[in-house]
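What follows is a single structure, written as structure tokens, with notes after it.
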Amino acid sequence: MFDLGYSEEQLLIQKTAREFAKEHLAPGVMERDRKMEFPAEQVKMLGEMGFMGMTVPEEWGGSGADTVSYALAIEEISREDASMGVILSVNNSLVCYILNAFGTDSQKEKYLKTLASGQWLGAFSLSEPQAGSDASNLKTVAEKKDDHYLLKGTKNWVTSGINSDVAIVFAMTEKGAGHKGISAFIVEKSFDGFTAGKKEDKLGIRGSDTSELYFDNCPVPVVNRIGEESGGFTIAMKALDGGRIGVAAQAVGIARAALEESVRYAKERQQFGKTIASFGAIKEKIAKMSTDISAARLLTHKAAYLKDTGKPFSTESAMAKWFASKTAMESATECVQIFGGYGYMEEYGVERLMRDAKITEIYEGTSEIQQLVIARTALEK
Ligand code: CAA
């Protein structure tokens, strides 16, 4: 059922992403990290190349590719620049996915076409100061007034919060109803009362901006509600199922960077009159990293394949994200260890992998939330 051979189209997408990443992302990645600089030019180029709405049908401005191709592309991009990995992942698997799956034709015409073709950038805004893992505990409200809703509240940790043109925002339309009272809205940055907070200073993925979003009686037309009133939580959960495939692929890319850098360095570095690659302790690390990365990629592509073939995939995407993010963190840590003192220095570029890897264990559901989802399925059987 799970064909391990990749199609010519999938391999072409992988090659195109790899070449782009080497040519346009690798140079300057450390400088962007240091300065917390958003890769605006590269985002524009990726949009023109069809990478911003990869799985969106061509009629709505996308590339009509499958989720396996998408995972291959995110891995290649994140191999060089995990910040770009998350910018792409959020726009593709959260924002464009929601509009494509739940939007009306007029929402698709107005928003999906511009987002999938890369003319606009999108953000996904669910979390709040008191609502991280407990995602339905929202305080942001949307009160209906005639032909619009008034949004009031504060959102947290929003990827591309500053550089995006539009955000999909989740808010309570029925106070006190928990997850049954949440609705989803398309909110343009230009709407009155909508502002982004300061750019957060982060440990890793520093090229991607993260900020709070504030809504001060922000009027949102009723036609910008996505799906039914109070149907928003299911939309968020379904989007995160797919989003976790993107984060898993990003983590595989970071882990692969750690492995490739470790191999290169271990074959060069001489200690005690031999290359360190000849020592068992280093071989063991390389063997573990290689095996874990292969397993993480398989889990990721299995979840992507299930999504592509219309089968349930929430548990598999949780498994992929949990395992791949753990692999990224462990591989990056081992890479720094192999580099020793040099690895700890910014100049060698591998400490960034360790900093970038950490967030993959946190965003779009922490590892603990992934375990909860996986265990729930196992225990229901
Ligand atoms: N697909 C469809 N529906 C789902 C679902 C899924 N995967 N998971 C849950 N639901 C539905 C349930 O069926 C239920 O619906 P009904 O009442 O109609 O039966 C409803 O949602 C509530 O489900 P639960 O009772 O399971 O909800 P819960 O409160 O126990 O929470 C959770 C479940 C898995 C812990 C969920 O809250 C969760 O995933 N939390 C993590 C949130 C998260 O990932 N946040 C990341 C935000 S985005 C981000 O990281 C920033 C960024 O920019 C990248």
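Please give the number of the condition S278 fails out of (1) surrounded by 24 or more Cβ atoms within 10 Å (Cβ to Cβ); (2) without any contact (Cβ under 8 Å) to a residue 12 or more places away in the chain; (3) among the small types (G, A, S).
Condition (1) is where S278 drops out.
If only one of E334, E346, E368 is surrounded by fewer than 19 Cβ atoms within 10 Å (Cβ to Cβ), touching a residue at least 60 places away in the same chain (Cβ under 8 Å), among the acidic types (D, E) and more than 16 Å from the ligand (Cβ to nearest atom), which one is it?
So the residue among E334, E346, E368 that is surrounded by fewer than 19 Cβ atoms within 10 Å (Cβ to Cβ), touching a residue at least 60 places away in the same chain (Cβ under 8 Å), among the acidic types (D, E) and more than 16 Å from the ligand (Cβ to nearest atom) is E346.
Quick test for you: out of A277, A251, A266, A287, pick the one residue that is hydrophobic (A, V, I, L, M, F, W, C), modelled with pLDDT of 95 or more and within 23 Å of I359 (Cβ to Cβ).
A251
Output the residues belonging to the stretch 41-85 that are hydrophobic (A, V, I, L, M, F, W, C) and in a helix (DSSP H, G or I).
Those that are hydrophobic (A, V, I, L, M, F, W, C) and in a helix (DSSP H, G or I): V43, M45, L46, W60, V68, A71, L72, A73, I74, I77, A82, M84.
Restricting attention to the stretch 344-360, which residues are within 30 Å of I245 (Cβ to Cβ) and in contact with an Asp or Glu (Cβ under 9 Å, 6 or more places away or on another chain)?
Within the stretch 344-360, G349, V350, R352, L353, R355, D356, A357 meet the criteria.
Going through the stretch 234-292 one residue at a time, which ones are in a helix (DSSP H, G or I) and touching a strand residue (DSSP E or B) at 6+ places or on another chain (Cβ under 8 Å)?
I235, A236, A239, G243, A266, K267, E268, I276
When the stretch 132-146 is examined, which residues are found to be under 20 Å from G193 (Cα atoms) and either away from the ligand (no atom under 16 Å from the Cβ) or surrounded by 17 or more Cβ atoms within 10 Å (Cβ to Cβ) (or both)?
Those that are under 20 Å from G193 (Cα atoms) and either away from the ligand (no atom under 16 Å from the Cβ) or surrounded by 17 or more Cβ atoms within 10 Å (Cβ to Cβ) (or both): L138, T140, V141, A142, E143, K144, K145, D146.
Can you confirm whether E229 is farther than 23 Å from A171 by Cβ and either acidic (D, E) or assigned by TED's automatic domain parsing to the domain that holds M54 (or both)?
Taking the combined requirement at face value, the residue does not satisfy it.
Take the residues in the stretch 114-131 that are assigned to a loop (DSSP other than H, G, I, E, B) and closer than 19 Å to A196 by Cβ, then tell me which one is farthest from the ligand (Cβ to nearest atom).
Out of the qualifying residues, it is W120.
Could you list, in sequence order, all residues of the stretch 156-165 that are surrounded by fewer than 24 Cβ atoms within 10 Å (Cβ to Cβ) and within 19 Å of F233 (Cα to Cα)?
Across the stretch 156-165, the qualifying residues are N156, W157.
Out of E361, E351, E346, I need the residue that is within 27 Å of V158 (Cβ to Cβ) and either modelled with pLDDT under 95 or over 17 Å from the mean Cα position of the chain (by Cα) (or both). Which one?
Sole residue among the options that is within 27 Å of V158 (Cβ to Cβ) and either modelled with pLDDT under 95 or over 17 Å from the mean Cα position of the chain (by Cα) (or both): E351.
Pick from the stretch 207-249 the residues that are within 21 Å of M36 (Cβ to Cβ) and within 15 Å of the ligand (Cβ to nearest atom): which of them is nearest to the chain's Cα centre (by Cα)?
Here the residue is V247.
When you look at Y149, is it part of a helix (DSSP H, G or I) and of a type in the set (F, W, Y), yes or no?
When the stated conditions are applied, Y149 does not pass them.
So which of L203, L213 ends up being surrounded by fewer than 15 Cβ atoms within 10 Å (Cβ to Cβ), in contact (Cβ under 8 Å) with a residue 12 or more places away in the chain and not assigned by TED's automatic domain parsing to the domain that holds A304?
Answer to the selection: L203.
The values are calculated or read from the model by the stated rules, or taken from the named source; none is laboratory data. Not measured: the values here are computed from a predicted model. Neighbour counts are summed over all protein chains in view; Cβ atoms, including those assigned to glycine, are modelled from backbone coordinates with ideal geometry.
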